[in-house]
Every structure is written in C-alpha cells, then in structure tokens.
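Notes for the one structure printed next.
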Amino acid sequence: MQLQGVRIPVSYDKAKVVALTGTPGVGKTSVAKILSKKGYKVLSFNEIAKNLGCIIDYEDDCYVVDIEKLKRKFNPEGFLIVDGHLSHHIADVAIVLRCNPLILKERLLSRGWNINKVMENVEAELIDTILIECLETCKEVYEIDTSDKSVEEVAKIVTSILKGNAKDYAPGKIDWISKLGDRIDEVIRR
Ligand SMILES: Nc1ncnc2c1ncn2[C@@H]1O[C@H](COP(=O)(O)OP(=O)(O)O)[C@@H](O)[C@H]1O
Ligand SMILES: [Mg+2]
C-alpha cells in the first residue's frame, strides 16, 4: 500500500507499550523469544488477556478477547513489548512484521490450517489489514518486511527501532499487490 501523508516516526522514548504485531505466521513469537533472551520484557497478548479475565470465548483455535475491557484493565508498569496479532490495540507504538503473502500461504498451509483460515489471513496480509488497524490505534507505527530475513535479523531490526533508528521502517513502503504482479493469482487461488 502506498500511503501519503502518513505520520513520520518520531522518538519512541515516551512509549510504555510496544506491540509486536502482524498477520498470524509472520514470525512474531519467534522474534519475541529472541527479544526476551536479549533481556526485553515481553508478554503475549493472550496471556495478558487471560490474566486480566478478558477472554470471552474460544473459537476456531483462537481466543476471543474483550478488547474494550482489556484496554480498561491493562495498566502495565515500565517498558513492555507485547506479542500478538491484536497487541496493537493496547500499545502506544506498533512494530508490524510483514511477510510476502506467497511465503505466508505456504507457512500457514504447513501449519495444517484449513484453507479458509489460511486464505483469510493471507488476504489480510495482502491488503495491509493489520497495518491499517495500527495506523488507526497507535501513535507510532513501523513495519518490517521479514520475507528474506532470518528471525535473528528481524529481531536485530526491532531492537534498532527501539533504540531510535527507525527511519527505514516508516509505514507505507510495502505494497504486496505491486510486488507480486502476475503472481497474485498464486496467492488468491485456493
Ligand atoms: N524470518 C523467518 N524466516 C523463516 N521462517 C520463519 C521466520 N519467522 C518465523 N518463521 C517460521 O514461521 C512459523 C510461524 O512463526 P511464529 O513466530 O509462530 O509466527 P507468529 O507468532 O507471527 O504467528 C514458524 O514455523 C517459524 O519458525
Ligand atoms: Mg505467535
């Protein structure tokens, strides 16, 4: 998606909560594990929702979270990274991991997910669904194309953004539809 007039990232240092977000399968939890090993305080969105009594259902292998209740109850102390595809709803800053939909499709199919659930997520990645939610909910948003990077490389980029080296990761540079060209058929074909 090409974004015009999007807010330019500014310093992150007033942020308390940074969301590590993105479509399921992009690598959030893998990166979160590395950040945790590096000494960052990292929690999973589902754990937070569970601990605060904000899970209202379990549907299609996913927790259904009462986000409004969670926003009211969530009041963390100190700097915190939250891993999860809904984490941007409770964060000041969002770091959105992106993944080429062709790669993501293979990854989600190999997780054994049914085709409807795979396609729902692949199409969401294709049309920037989570990025747009982040732009609506967070003060600062960054995005990282993880497609040709290792988990370690992505974790390194996240830490560099957290240290303020964020200018290369302003939102709006990733446009899967243009990048895929004719190969978009392979993405949307079931
Ligand atoms: N940068 C990457 N390169 C290759 N494989 C990756 C990368 N990031 C994640 N994976 C793999 O993709 C799968 C999904 O990763 P995971 O961290 O669980 O994603 P998420 O938490 O976003 O759903 C895992 O099998 C993981 O090993
Ligand atoms: Mg995960």
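Please treat every number below as a calculation from the coordinates, not as lab data. Note that the structure is predicted; figures quoted are calculated from it, not measured. Every residue, glycine among them, receives a Cβ derived from its backbone with ideal geometry; neighbour counts consider all protein chains shown.
Rank by packing, highest mean first: peptides 104-115, 19-30, 55-66, with packing defined as the count of other Cβ atoms within 10 Å averaged across residues.
19-30, 104-115, 55-66
Report, ordered by chain and residue number, the lysines lying within cross-link reach of K167, taken as a straight Cα distance under 26 Å and ignoring same-chain residues fewer than 8 apart.
Hits, sequence-local ones excluded: K14, K16, K28, K33, K37, K38, K41, K139, K149, K156, K179.
What ranking do 79-85, 117-123 get when scored by the average of other Cβ atoms within 10 Å per residue, highest first?
For the peptides 79-85, 117-123, the packing ranking is 79-85, 117-123.
Got the relative contact order for the chain handy, in percent, Cα pairs under 8 Å and 6 or more residues apart?
About 33 percent, as a whole number.
Run the helix sum for the chain: -39,500 (n - 2.57) per DSSP H stretch of 4+ residues, divided by residue count, reported at 222 nm to the nearest 500 deg cm²/dmol.
About -11000 deg cm²/dmol.
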